[in-house]
1. Condition first: modelled with pLDDT of 95 or more and of a type in the set (Val, Ile, Thr). Now tell me which residues in the range 44-67 satisfy that.
2. For the range 58-76, does any single residue satisfy the condition of being small (Gly, Ala, Ser), within 20 Å of the chain's Cα centre (by Cα) and in a loop (DSSP other than H, G, I, E, B)?
3. Of all residues in the range 25-48, which are closer than 18 Å to Ile75 by Cβ and either open to solvent by 60 Å² or more (accessible area, probe 1.4 Å) or not in a helix (DSSP H, G or I) (or both)?
Amino acid sequence: DASVGDKGVKVVAAILKKNSAIESVSLGYNKISDDGAKAIAEALKENTSLQKIDFSCNNIGEEGGKHILNVLQKIDTSVIRVIYLGGNQISKETQTKINQEIIRIQNRLKSVGVETIEDGGIQNDESARSSNEDEGLTTIHATNASQVSVNADSDRESTRKTIKAMESKIREQQLTIARQQAELAQKDDNIVQRDKEIAFLRLEQSRMLQQLEELKGGSEAL
């Protein structure tokens, strides 16, 4: 079975939590249940770029639909504007409420051209994909489990590169800090040495003044 399923969708959800470039996910016909829908909905709490989700023709029931609704009612950073839910077992009432929340989100962002969910309508994978490509959205097409794995590997590689770059930058900063500390320590040593020299000169000056006074006293006695 090449379907992504809930396990694969959870990988996609993990990617969405970290990625701020993906604007669309196509998950139609993948035997996704309530658990998979919940995972994607939870990702919306952290994702700030996703505009479209295609859940067409899966096994999502009322529980999954209500979880999507509850998340949409609570988030204030999402830019989501359409979720395809046709071909699932979500009630018309819940779909309507989801639609209303999406419109509310778009009104809050003062956006235009909000797409709405057609109650009971079925948007298949091909039509959703075509719509996304026409609008130039950056899209994940999760049509089989191996593709999800490729996406996950790509995301991990990107994360590894970011970590290496950050580690390199941190090492550079540590070297700079060490160099500056050494320079400050050298300056402190110079200050201490100068203070010692000044103290010695003052002591010598005091001795010379004392000798001068003695000489003056001796001269007067003569």
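The values are calculated or read from the model by the stated rules, or taken from the named source; none is laboratory data. Just so we're clear, the structure is a prediction, and the values are computed from it rather than from any experiment. Here the Cβ is made from the backbone with ideal geometry for all residues, glycine too, and neighbour counts use every protein chain on show. Accessible surface is based on the protein model in full, side chains and every heavy atom, while ligands, DNA and RNA are left aside. Shrake-Rupley method; radii C 1.70, N 1.55, O 1.52, S 1.80 Å.
1. Correct list: Ile60 only.
2. No, that holds for no residue.
3. Correct list: Val25, Leu44, Lys45, Glu46, Asn47, Thr48.
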